[in-house]
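Okay, so here's the structure we're looking at.
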Amino acid sequence: MAPSYDIKDINLADEGLARIMWADADMPVLARIRERFEREKPLAGVRIGACMHVTTETANLMRALVAAGAEVALCASNPLSTQDDTAASLVRDFGVSVFAVTGEDMGTYERHIKAVVDTDPQIVMDDGADLDTALHTKYPDKLANVIGGTEETTTGVVRLAAMAAEGALGYPVFNINDAKTKHFFDNHYGTGQSTLDGIVRATNRLLAGRTMVVSGYGHCGSGLALRARGMGMNVIVCEVDPVAALEAHMEGYQVMKAADAARFADVWVTVTGDCNVVDAPAFENMKDGAIVCNSGHFDSEINMNWLRDNAVAAREVKPLVQEYELPDGRRIYVLAEGRLVNLACAEGHPASVMDMSFANQALAAEYLFEHAGQLENKVYDVPASIDEGVAEVKLATLGIQIDELTPEQVAYMNSWNF
């Protein structure tokens, strides 16, 4: 059956296919999984509904699921992150039903989520839990069809964990975000590089010698701080977690409150998953010309309402760069409307790091189907066998060999009376 779709232009498919295959060349782990899926068809006839960033890397995950025999429907998890040519190729070349257009308004965004819900998914793949939330709040009659789901982001995991704690979660979900082969690499290395890429593409500003404020020093924030320093930037960290703040201090960064850091910020990036991280006290102290952006999942981290309410003028000075002029003449520049700067202003994480994250997604989907009805409605960590298996394959594709413990070493590590 031909796929349904609502995309910008199917005629963009040739360009999209070329970009998908370019990413595929740097995703060898997922390629090996796809080859096995093609032979074994472990998801034959399974309906998968995904709400994810429609990028070339995601496209290669969709290819693996289709190779496994699944019927796949995909919508965007962010209105600004869709690559329209990629969406076109997924429809034309791989039979995926895609509902995503770059820059779609919120009404269209919600309509596209409903289009995926209407396919009656048995497995849900989410990036921020918007599809999960819609199923539970707007379409609860569809929950009975769902075997389980996967979630890619910290933000989404927090939402789903809260649902599970209240007994409201309608199916089991695998926490892909906290798989070691995801957050140690995707979050740390991917976010650092792709965020700087987005800032530079949007602004063409020299980073060396300037000061970056990073809000949040988790796996994403620490990777971003490290790479900003590598570009010659002075880095200030803002945190609410005393342990994370101490770690940032021991790594040589200045640590201070947001209102104080605002006085020094040339570029400010939020990576917390929370709301109003950059708020009135920071805006009031921010110097003229400061650039503010977000690399967390939702656009809630920057208090855009405060800026809109207090600015005397606002204009787009270049694509995805909005200038807000405050009553005292200071100008603050916001990138990508406060949405994910690495996906809105650049292309997101490099393919080689998404290779491991999406390998976890594909194998978790297989596991969910194999264990349908055997799992409780709660948030699960990815099984260690999957996580470690992904790392082993990644090492093999890199030509790296490692040692193994000898029987004597195993016995020593498991004994107390030597």
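The values are calculated or read from the model by the stated rules, or taken from the named source; none is laboratory data. Predicted, not measured: the structure shown is a model, and the values here were computed from it. Please note: Cβ atoms are built from the backbone with ideal geometry, for glycine as well, and neighbour counts cover all protein chains shown. For accessibility, only protein heavy atoms count, side chains too; no ligands or nucleic acids. Shrake-Rupley method; radii C 1.70, N 1.55, O 1.52, S 1.80 Å.
Mind checking which aspartates and glutamates have their C-alpha under 17 Å from LYS182, skipping anything on the same chain fewer than 8 residues away? Reachable aspartates and glutamates: ASP26, GLU57, ASP126, ASP127, GLU151, GLU152, ASP355, ASP381, ASP387, GLU388, GLU392. Which distance in Å, rounded to a whole number, links the C-alpha centroids of the range 227-251 and the range 396-416? If you average the Cα positions of each part, the centres end up 35 Å apart. Can you give me the C-alpha center-to-center distance between the range 42-83 and the range 107-168, rounded to a whole angstrom? So the two Cα centres are separated by 15 Å. For the range 240-331, the convex hull drawn through the C-alpha positions has a volume of 103 cubic angstrom per residue. Positive end of the dipole of the chain (Cβ unit charges, origin at the Cα centre): among TYR367, GLY167, ASN177, the Cα lying farthest that way belongs to ASN177. Taking R0 as 41 Å, what's the FRET efficiency between ASN417 and ARG229 from their Cβ-Cβ distance, rounded to 0.05? Calculated transfer efficiency: 0.30. Here the gap between VAL317 and ASP93, fully extended at 0.36 nm per residue and compared with their Cα-Cα distance, gives a gain of 76.9 nm. Using heavy atoms of the protein chains and a probe of 1.4 Å, the accessible area assigned to LYS378 is about 80 Å². Phi-derived couplings, Karplus 6.51 cos²θ - 1.76 cosθ + 1.60 at θ = phi - 60°, listed residue by residue for the range 294-310: 10, 10, x, 5, 9, 8, 8, 6, 9, 6, 5, 4, 4, 4, 5, 6, 9 Hz, with x used for Gly and Pro. Semi-axes of the equivalent ellipsoid for the range 300-373, computed as √(5λ) from the eigenvalues of its C-alpha gyration tensor and ordered from largest down, come to 41, 15, 7 Å.
Remark: the range 347-356, residue by residue, has Karplus-estimated 3J(HN,Hα) of 10, x, 5, x, 4, 5, 7, 5, 3, 6 Hz, where x stands for each Gly or Pro and the curve is 6.51 cos²θ - 1.76 cosθ + 1.60 at θ = phi - 60°. The region of the chain that goes longest without hitting one of the GluC sites (Glu not before Pro) in a DSSP loop, each with at most 13 other Cβ atoms within 10 Å, is 167-375.
In whole angstrom, how long is each semi-axis of the equivalent ellipsoid of the range 102-198, when you take the square root of 5 times every eigenvalue of its Cα gyration tensor and sort them from largest down?
25, 18, 11
Across the range 266-403, the fraction of Cα-Cα pairs farther apart than 28 Å, rounded to a whole number, is 43%. Only helices enter this figure: runs of n ≥ 4 DSSP H residues, each worth -39500 (n - 2.57), summed and divided by the residues of the chain, yield -12500 deg cm²/dmol at 222 nm to the nearest 500. Here the chain is treated with +1 on each Lys and Arg Cβ and -1 on each Asp and Glu Cβ, and its dipole about the Cα centre works out to around 620 debye. Whole-Hz Karplus values for the range 272-285 come out as 10, x, 9, 10, 6, 5, 9, 10, 3, x, 6, 4, 5, 9 Hz, taken residue by residue from phi with 6.51 cos²θ - 1.76 cosθ + 1.60 and θ = phi - 60°; glycine and proline positions read x. Between amide H atoms placed 1.01 Å from N, distances below 5 Å from PHE174 occur with GLY149, THR150, GLU151, TYR380, all of them 5 or more places distant or on a separate chain. One quarter of the surface of the convex hull around the alpha-carbon atoms of the range 284-335 equals 3.6 nm², the direction-averaged projected area. For the chain, the C-alpha radius of gyration sits at 1.01 times the compact-globule guess of 2.2 N^0.38 Å, with N the residue count.
For LYS8, the lysines whose Cα comes closer than 29 Å to its Cα, not counting residues fewer than 8 places off in the same chain, are LYS114, LYS138, LYS142, LYS318. Give me the one-decimal nm value for the distance between modelled label points at MET106 and ASP141, 7 Å along each residue's Cα-to-Cβ direction. Distance between the two pseudo-spin positions: 2.6 nm. Quick one: in the range 16-102, what % of C-alpha pairs are over 16 Å apart? Tail fraction, whole percent: 48. Based on C-alpha pairs under 8 angstrom that are at least 6 apart in sequence, the range 28-173 has a relative contact order of 21 percent.
May I ask for the net charge around SER215, where only other residues with Cβ less than 10 Å from the Cβ of SER215 are counted and Lys, Arg are +1 while Asp, Glu are -1?
Residues near SER215 contribute -3 overall.
Averaging 1/r over every pair of different alpha carbons in the range 354-410 and inverting the result gives a Kirkwood radius of 13.5 Å. Put simply, the amide H of TRP268, placed in the peptide plane, has neighbours under 5 Å in VAL213, ILE291, VAL292, CYS293, leaving out anything fewer than 5 places away on its chain.
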